[in-house]
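The structure appears below as structure tokens.
The values are calculated or read from the model by the stated rules, or taken from the named source; none is laboratory data. What you see is a predicted model, and the numbers here were worked out from it, not measured in a lab. FYI the Cβ positions are ideal-geometry reconstructions off the backbone, even for glycines, and counts take in every protein chain you see.
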Amino acid sequence: MLATQLATLVGGAPAGVPESLDLVAGFDACLVSGLGRLGDDGGAALAALAAGVAVTPLGDRAAEAAAKLAAGSVSDDQLTVLAAARSALLGAVHDGLLDRADTALGRARAEWADGGTAPEVPRNLLEGCRSWLRELAITGWRGVDHDLVSSSAQVLEAMLADPRLRRLAVLIDGLAAELRASVPIATMDTLPERRWADLWARAMLLCQAGGWPAGAATTVSGRFLLLGVDVTEHATAVQLQVHGLLEVRGETAPRLVRTSVAAAKVDTIVGPAIWPLFDAHPVLIAALTERRSIEFTDATLLASGDLLWADDRAAAGEEADPFVTARLHLAAATAPAVPPLDRHPVRLGEPVLVENYAVDGEDLVLDGHRLPLALDRLPALGPLTPELVTGSTACLGLLRWDDGQWSVQPLAIVATVKRKPVPMHVGDWASGPTDPKVAKAVKAAGDTVAVLRERAGRLLRK
């Protein structure tokens, strides 16, 4: 990223973004006390949300739903319409921000193409899920107790058993877990209003009969050049999302894509001990640690830019320096379209290369323009630390937008170590820590994954 590009990016929010977020915040505040306890302010907030989408196909239905809710009538249809209106406003914010980023970076982007209808799913389970979400909305976050959280258990168990409902089930499970951990919510000083409202609204939309059509899928073969790996970790699960450029055979311009693998875990598996969870994917692990390309044969690529990982369709390629890849090919790459339901500011994560900057506090500085470093996103399973990042001179990362400003999440850096520039990547320790002190600490702690696998094997044999 050049100074001129950074200046275009940070030159103020696109028109309408603050106003749209204010409308969303007003609706989210209604969910705190509950839609069953709407006062004059709550009714006005719902009316304002509906007015925000008045010129869209949702306009009339949103106005009707807001009026009925203000009058004390609460139904699944009304809640769904307002969840859709909220999501539409956030989608518009997402689109404005993404357009700003694409303009600044000079990045071309593909158009979205539906890939057909969604599979049929048991409607009774969708109705059961909507019923629980309706009770949450009526009661409000402040009124949630253990009984209300637990009432999701039966339908959740049935949804988890059906692969077609896995995405919705995991979402509901996560929301229920967060609420359960926060009870008694009535005594909390502050609530994650935006986050819980995001989860609730997304679940309401996923609960609709007929589902959401998947994007078009194609079969591709070619070379995948890695840029970096983003790690998302929770107490019971971890995901590696590897960003890179795919050179499809027969195409001239590379495509920006990502491929992901996930694993279940327990909360005692943290830091570098997480890597052994992915030892069933040796090609991916070798590509991360040895900085190699990956050769894909007849792999599935979705319109969203997700390259579905399949071990039998991937082979290790030649060495490929991610920084060289970014310098030579990133500017000419075509970015994927964003699926309709994923149009949300929090999901923005555009690969960028920033070089020749200074660091002031926790900000990159280029020709007087500042870009904050998202140091809180650094995972503990790799060599990158806040101290190394703030001493870096080059950064490969993901462009994020949060709390009203852009930031960059480092995936790889070039830092000065003993007066020499040294590249460091989040995935450098995928085959084991290379830092002697960390390796010694990991060895002293023992192989947690191996121990748990051995114990699980004994239990299964019994």
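So how many residues does segment 352-385 have that are surrounded by fewer than 15 Cβ atoms within 10 Å (Cβ to Cβ), in a loop (DSSP other than H, G, I, E, B) and small (G, A, S)?
3
Among all residue pairs at least 6 apart or on different chains, which show Cβ distances below 9 Å where the first residue, located in segment 350-364, is farther than 12 Å from F323 by Cβ and the second is part of a loop (DSSP other than H, G, I, E, B) and basic (K, R)?
What qualifies is E350/R107.
So N124 fits all but one of (1) touching a helix residue (DSSP H, G or I) at 6+ places or on another chain (Cβ under 7 Å); (2) over 26 Å from P18 (Cβ atoms); (3) not aliphatic (A, V, I, L, M); what number is the exception?
Only one criterion in (1) touching a helix residue (DSSP H, G or I) at 6+ places or on another chain (Cβ under 7 Å); (2) over 26 Å from P18 (Cβ atoms); (3) not aliphatic (A, V, I, L, M) is unmet by N124, namely (1).
Within segment 419-429, does at least one residue satisfy the condition of being outside the structural domain of T8 (by TED's automatic domain parsing), more than 30 Å from V24 (Cα to Cα), at pLDDT below 90 and crowded, with 16+ Cβ neighbours inside 10 Å?
No: segment 419-429 contains no residue that is outside the structural domain of T8 (by TED's automatic domain parsing), more than 30 Å from V24 (Cα to Cα), at pLDDT below 90 and crowded, with 16+ Cβ neighbours inside 10 Å.
Is it the case that A326 is in contact with a Leu (Cβ under 8 Å, 6 or more places away or on another chain), part of a helix (DSSP H, G or I) and surrounded by 20 or more Cβ atoms within 10 Å (Cβ to Cβ)?
yes
Can you name the number of the only condition in (1) closer than 30 Å to L301 by Cβ; (2) outside any strand (DSSP E or B) that L148 fails?
For L148, the failing item is (1).
What single numbered condition from (1) β-branched (V, I, T); (2) at pLDDT 90 or above; (3) within 30 Å of C129 (Cα to Cα); (4) surrounded by fewer than 17 Cβ atoms within 10 Å (Cβ to Cβ) fails to hold for V266?
Condition (2) is where V266 drops out.
Pick out the one residue from A161, A113, A153, A108 that is small (G, A, S), closer than 21 Å to L341 by Cβ and surrounded by fewer than 15 Cβ atoms within 10 Å (Cβ to Cβ).
When all the criteria are applied, what remains is A113.
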